[in-house]
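For reference, the structure discussed in these notes is given below.
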Amino acid sequence: MASSLKQQLLLWLLVPMLVIAPVAAALQYWLVISPAKQEFDHQLGDLAIAIASFLKVEGSNFHFNMTGETEHLLRTDQLDTEFFLVLAPNGKVLAGDAALDTPEDKIAVGEMRFVDRKINGRLLRMAVYAVACGENPCQVRMAETLIKRNRVHAQALITTLLSILVLGVTTTGVMLVAVRHGLKPLQDIRAQLADRSLDDLRALELPHAPSELQPLITTLNQLFKRQAEASTLQKTFLADAAHQLRTPLTALQTESELSLLEPHPESLHPTLERIHQSASRAAKLANQLLVIARTDPDGQSMAQFSRVNLKDIGAEAANEWSSRAYAAGVDLGFQLETACVNGQAILLQELLSNLIHNSIEHAGKYTRVTIKTHVTESGAVLEVEDDGPGIKEHERQQVLQRFFRGAHAQGYGSGLGLAIVSDIVRIHGARLILTTPGSGSGLLVRVAFMRDFSRARQDRQFH
Ligand SMILES: Nc1ncnc2c1ncn2[C@@H]1O[C@H](COP(=O)(O)OP(=O)(O)O)[C@@H](O)[C@H]1O
Ligand SMILES: [Mg+2]
């Protein structure tokens, strides 16, 4: 599986957080709990000292005297049950709850010690305090149940968990947003490259991309530049080669046509016929290659663009194709209305020529082919419609690729016609639509030009 930069960043950020969070939680819990615990012990200790003050010592005699009211006061607590015990130096119970008489270490006079004890099945916190009773100390013990303390524990736990949860969720959210934001420039690069045609080798324009990405963008742009140079060289070579081939091939085509008209032995006729067909095909191919080499996909040379009336292009095609269509048994009709576009006349002629040629060739005998030009709300339209077999839906994308010929293609084509049409359409910023005519059968090729294409082109030129 391809590793994702986003996943890696999140992993590097979240895993340490997963380790740090429990440590931070434990620390926070301890920081809340420990002062509260000290405070409760302190209060318990104070009570033990208060009880000790009721121990009267005179020389080696001592006695403990506390009124019932005072005892009641000392035992009063809203939540916990309080216990106390006063022990003479010999271990005799002087007052209080005998249950607290657990074996405890001896402690020095004035010393206070806190211990946890389980007495009668109940957990108690006990303060043990020693006061002087003659030579040996008496012990005062003050104990209480843990309800207050447990409450504070529970509250601290809830607070800690809540704060960790809020912190965790917000931090994770912020990290997700930050990582997405940080990776956005990569998305921008992708967006600029994703919809590009193979011929579009313009430099990437991302002036606000972070400095870390600039070297990558520069390298890509250098690559595009080299590729564009190579592609220009290749096109020049292709144009030169096609041009060089076209002249002798056209001559061969004419010569073979003439020799067919001259008296010749019957046995030679099929051979001459084949030579003529091959020469025609090769001449057409050379011509198409020349057009491909000359079409400038970036449409950079504004000079070649001018105001062209599609009606004139249609009229010229009528001149060129009428007799050939008639010879092929095709009923070629024209419905031409003025429709002006900003375009390259030679290329538009080539486009229409290819479409008419296709209709005559692939639709076949006894079909009707109609060429229409008109203007709609969104711009000028050129249409070529025939009532032949049409192109199946699943082949409509493929037929636009170079050298692709349909399963039932007729004639000696090379599969370049519609690819050239598609290139020319793109140069004009128009849309090419292959569809079935309203009659339900045949092929309708529509080239829809954009109304403000010339302005769009100029904007691109000057910015
Ligand atoms: N008018 C049409 N009617 C039916 N099929 C067509 C038509 N025009 C083109 N096609 C199909 O599209 C394919 C590609 O056309 P094209 O690129 O002009 O190549 P070629 O004509 O050299 O075969 C053809 O081989 C044919 O199958
Ligand atoms: Mg063709």
- Restricting attention to the range 385-415, which residues are closer than 30 Å to ARG307 by Cβ and either of a type in the set (A, V, I, L, M, F, W, C) or away from ligand 1 (no atom under 12 Å from the Cβ) (or both)? LEU400
- Query: Does the range 107-122 include one or more residues that are farther than 19 Å from PHE40 by Cβ, part of a strand (DSSP E or B), in contact with a Gly (Cβ under 8 Å, 6 or more places away or on another chain) and not basic (Lys, Arg)?
  - Reply: no
- Can you tell me which residues in the range 399-446 are within 19 Å of ILE292 (Cα to Cα), in a loop (DSSP other than H, G, I, E, B) and within 16 Å of ligand 2 (Cβ to nearest atom)? GLN401, ARG402, PHE403, PHE404, ARG405, TYR412, GLY413, SER414, GLY415, LEU416
- Message: Checking the condition within 13 Å of ligand 1 (Cβ to nearest atom), surrounded by 14 or more Cβ atoms within 10 Å (Cβ to Cβ), more than 37 Å from the chain's Cα centre (by Cα) and aliphatic (A, V, I, L, M), which residue from LEU382, LEU443, LEU418, LEU432 passes?
- Response: LEU443
- Note on the structure: Every listed condition ((1) over 25 Å from ASN65 (Cβ atoms); (2) part of a strand (DSSP E or B); (3) over 60 Å from the mean Cα position of the chain (by Cα)) holds for PRO103 save (2)
- Task: Kindly indicate whether SER353 is in the same structural domain as ARG405 (by TED's automatic domain parsing), near ligand 1 (Cβ under 7 Å from one of its atoms) and within 19 Å of SER414 (Cα to Cα).
- Result: no
- Message: Please pick out the residue among ASN65, ASN90 that is modelled with pLDDT under 90, in contact with a Leu (Cβ under 9 Å, 6 or more places away or on another chain), loosely packed, with under 11 Cβ neighbours inside 10 Å and on the phi < 0 side of the Ramachandran plot.
- Response: ASN65
- Answer yes if at least one residue in the range 447-461 is within 13 Å of ligand 2 (Cβ to nearest atom), surrounded by 14 or more Cβ atoms within 10 Å (Cβ to Cβ) and either modelled with pLDDT under 90 or within 31 Å of the chain's Cα centre (by Cα) (or both), and no otherwise. no
- Query: Looking at ALA178, ALA241, ALA191, which is the one that is under 27 Å from GLY415 (Cβ atoms), out of contact with any helix residue (DSSP H, G or I) (no Cβ under 6 Å at 6 or more places or on another chain), in a helix (DSSP H, G or I) and not assigned by TED's automatic domain parsing to the domain that holds GLN401?
  - Reply: ALA241
- Note on the structure: Those residues of the range 264-287 that are of a type in the set (D, E, K, R) and modelled with pLDDT under 90 come to a total of 2
- Residues being part of a loop (DSSP other than H, G, I, E, B) and either among the acidic types (Asp, Glu) or surrounded by fewer than 11 Cβ atoms within 10 Å (Cβ to Cβ) (or both): count how many of those fall in the range 211-229. 2
- Message: Cβ contacts < 7 Å: first residue at pLDDT 80 or above, restricted to the range 288-302; second residue among the acidic types (Asp, Glu), any location; separation 6+ or different chain. Result?
- Response: VAL291/GLU350
- Query: Considering the range 255-272 alone, what residues qualify as being part of a helix (DSSP H, G or I) and charged (D, E, K, R)?
  - Reply: GLU255, GLU257, GLU266
- Message: Return the pair list, or none, for Cβ contacts closer than 8 Å from residues in the range 145-172 that are free of Cβ contacts under 8 Å to residues at least 40 places away in the same chain and over 30 Å from GLU82 (Cβ atoms) to residues that are surrounded by 13 or more Cβ atoms within 10 Å (Cβ to Cβ) and among the aliphatic types (A, V, I, L, M), at least 6 apart or on different chains.
- Response: none
- 1 or more residues aliphatic (A, V, I, L, M): qualifying strands (runs of 3 or more DSSP E) within the range 33-89: 55-58, 82-87
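The values are calculated or read from the model by the stated rules, or taken from the named source; none is laboratory data. Here the structure is a predicted model, which is why all the values come from computation and not from measurement. Cβ sites come from the backbone with ideal geometry, for glycine too, and all protein chains shown count toward neighbours.
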